[in-house]
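The values are calculated or read from the model by the stated rules, or taken from the named source; none is laboratory data. The structure displayed is predicted, hence computed values, not measured ones. Glycine gets a Cβ as well: all are built from the backbone with ideal geometry, and neighbour counts include every protein chain shown.
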Amino acid sequence: MSGKENSTDKGVQQAEQIREAVFDVVLPQNIGELIGQIAQEKPNKTACYIIEKQHGLSYLELQEKSNRLADSLEKTGVRKADHVALLLPNSPEFLISWLAIAKLGAVIVPVNNNYKPAELDYVLADSKSSYLILDESCLSSFQGMTHRPNRLADSHIVLCTDQQNDNSVLADFNQLLETGDPDFSPKQLVCLDDLLQIQYTSGTTGFPKGCMQTHEYWLLAAFTALEFTKDFEIENCLSVFPLFYMEAQIKFLLSVVRGGTVYLAKQPSISKLMQWIRDYEIHTCTFHEVAMKGIPVAEDDAVNPLVYVNAFQYKGDSHSQLETRFDVVGRDAFAMTEIGMGTFVPAAATHMVGSGSCGLAAPMRELKIVDGDGGEVDQGKSGTLWVRGPGLFLGYFEKPEANAAEFNGDWFCTGDIARQDQNGYFYIVGRTKEMIKRSGENIAAREVESVLRQLPEISEAAVLAVPDAIRREEVKALLILAQGISPEQCPPSLVIEHCARQLAQFKVPRYIGYVKNFPRTPSNKIAKQQIQDQAGEPRIGTFDRIDDVWR
């Protein structure tokens, strides 16, 4: 379906040029080779800068420090294909570790550093991580695990601390840097199709699943994104998301490909965003609609160094307001942890501003929209979006049933409902997958439900998404209480406290309601779509945790 495009459309014309350019790119053999090339070309250029720490590393420093760590990790016992988890905040240590593991040909497992012990139990065991590099701020959560895998012996754990490491049984990150060889080279060849990372995503339903991503996956994503913005003078990039998420990782790699500087903040801040952009001469970043609307209008809004921003899911007047107010080009795209880039809106497609389209098929990607029987729908009709092409993820780690359900040959089912217009532009109009997206976080409803059902007062739970103007979606939990239990005996405060002990804060339900029963499917499963369809105003009759009121 990606070929059904109007050749007179300026966006379509530019997209074809970009596809041809990406097709002709000769990718480095691996991530280590890429950073080595840029370190030779621009040794003194600042590669990354952590805003809160007011600390940066040059490309040469990043190259040598990651070499030193790779050498020391290898002497510790890390080998190609070993799984090494990272439990680190945004810091130079994260990037040094990320590159060191890549150079060894080992497999990176980024872990959310907000996770509670029970969540760490799951991810570290599910990923079969045999080594762990963690920050001292995460040590208490790690020590609170009740099911720590046997393979994660103390001798396989590296501690990052600014203080003296008093824990003699854990390896010291700084000491590994000091003793490693800056001229390290791997003993085994690392290739494009070697596994680089297991990135956890909520996937469709159930507990998080690990997406297996190769060196090719990441390099293709970076060089593809480079072609999107090659006509813009971009040197400095800002990312306000944690490095354990793909957004920050791809911003870093894209900056490396450009030979530029990536500025990393620990978390988003609407109040600080424009100050950061001006202070650090930022040319590109992700500029969410909630930030645009949350920044007070000022006469000098257009006086800034921005030239191009990622403007995801803007619609109507908001998109044009962004471009006019900040004098910047903003474009949408569709990407997933599983596929990397799926679609993009070319800069030349000015007529698509405010259309709500996520663009045309990205380079090296073929898309189709199918009906329930697997046949392609007519153009303009809605159906499920499938994608294929080189550099997709290899599947979910040790999840054969999920892989069988999501793949049909080399085609992957995104789970999103989409349509395509007469010029070939795609629009995401919904999704089939049961996942809640809150402020950029993916939350599996089933995971929250399993925690809720741990309370003896709760018989059943249904977790649903509620639209939210600020966070996109919020988490709502509907509860059927155990026989003989009243809402007074299981108040929202009890439910919230229980969830807060078991889940990261962003997963704790905001809205809590009590029901007598749920609509059911013929197989007796909870019919969540019927609940959503019958809900009317979904907040009515629920307790609002944030505002501390009954709606």
* Looking at the range 291-317, which of its residues are within 29 Å of G430 (Cα to Cα), crowded, with 16+ Cβ neighbours inside 10 Å and out of contact with any Leu (no Cβ under 9 Å at 6 or more places or on another chain)? -> Y308, N310, F312
* Structure fact -> Filter the range 51-75 for residues that are touching a strand residue (DSSP E or B) at 6+ places or on another chain (Cβ under 8 Å) and not in a helix (DSSP H, G or I); the one that is modelled with the lowest pLDDT is H55
* **Cβ pairs under 8 Å, 6+ apart, first in the range 370-389 and farther than 14 Å from F412 by Cβ, second acidic (D, E) and in a strand (DSSP E or B)** => G383/E376
* To do: Hey, can you tell me all the residues within the range 403-446 that are over 23 Å from S357 (Cβ atoms), modelled with pLDDT of 90 or more and not aromatic (F, W, Y)?
  => N403, A404, A405, E406, N408, G409, D410
* Of all residues in the range 488-525, which are without any contact (Cβ under 8 Å) to a residue 24 or more places away in the chain, small (G, A, S) and assigned to a loop (DSSP other than H, G, I, E, B)? -> S523
* What do you reckon, is E41 within 23 Å of L196 (Cα to Cα) and among the acidic types (D, E)? -> no
* Can you give me the ranges of the strands (runs of 3 or more DSSP E) entirely in the range 387-487 with at least 3 residues that are out of contact with any Lys or Arg (no Cβ under 8 Å at 6 or more places or on another chain), on the phi > 0 side of the Ramachandran plot and in the same structural domain as M341 (by TED's automatic domain parsing)? => none
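Test V12 against the criterion of being of a type in the set (A, V, I, L, M, F, W, C), assigned to a loop (DSSP other than H, G, I, E, B) and touching a residue at least 12 places away in the same chain (Cβ under 8 Å), and give yes or no. Give the derivation first.
On the way: of a type in the set (A, V, I, L, M, F, W, C): yes; assigned to a loop (DSSP other than H, G, I, E, B): no; touching a residue at least 12 places away in the same chain (Cβ under 8 Å): yes.
No; evaluated as a whole, the condition is false for this residue.
Looking at the range 204-231, which of its residues are among the charged types (D, E, K, R), over 30 Å from L273 (Cβ atoms) and outside any strand (DSSP E or B)? Steps first, please.
Filtering the range 204-231 down to residues among the charged types (D, E, K, R) leaves 209, 216, 227, 230-231.
Those still in the list that are over 30 Å from L273 (Cβ atoms) too: 209, 216.
If the condition is that a residue be among the charged types (D, E, K, R), over 30 Å from L273 (Cβ atoms) and outside any strand (DSSP E or B), then E216 is the only one that fits.
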* Asked: Taking the condition more than 23 Å from K45 (Cα to Cα) and either in contact with a helix residue (DSSP H, G or I) (Cβ under 7 Å, 6 or more places away or on another chain) or in contact (Cβ under 8 Å) with a residue 24 or more places away in the chain (or both), does V297 pass?
  -> yes
* Asked: So which residues in the range 189-203 are crowded, with 20+ Cβ neighbours inside 10 Å and modelled with pLDDT under 90?
  -> S202, G203
* To do: Residues being outside any loop (DSSP other than H, G, I, E, B) and either modelled with pLDDT under 95 or among the β-branched types (V, I, T) (or both): count how many of those fall in the range 322-331.
  => 2
* Of all residues in the range 368-380, which are surrounded by fewer than 17 Cβ atoms within 10 Å (Cβ to Cβ) and either under 14 Å from F407 (Cβ atoms) or within 29 Å of the chain's Cα centre (by Cα) (or both)? -> D371, G372, G374
* How many residues does the range 468-477 hold that are in contact (Cβ under 8 Å) with a residue 60 or more places away in the chain and among the hydrophobic types (A, V, I, L, M, F, W, C)? -> 2
* Residue match in the range 464-471 (condition: surrounded by fewer than 21 Cβ atoms within 10 Å (Cβ to Cβ), among the β-branched types (V, I, T) and modelled with pLDDT under 90) -> yes
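Evaluate the range 401-413: report whether one residue or more is among the aromatic types (F, W, Y) and crowded, with 19+ Cβ neighbours inside 10 Å.
As a first pass, look at the range 401-413 and keep what is among the aromatic types (F, W, Y): 407, 411-412.
Filter once more, so that each one left must be crowded, with 19+ Cβ neighbours inside 10 Å: 412.
Checking the range 401-413: at least one residue is among the aromatic types (F, W, Y) and crowded, with 19+ Cβ neighbours inside 10 Å.
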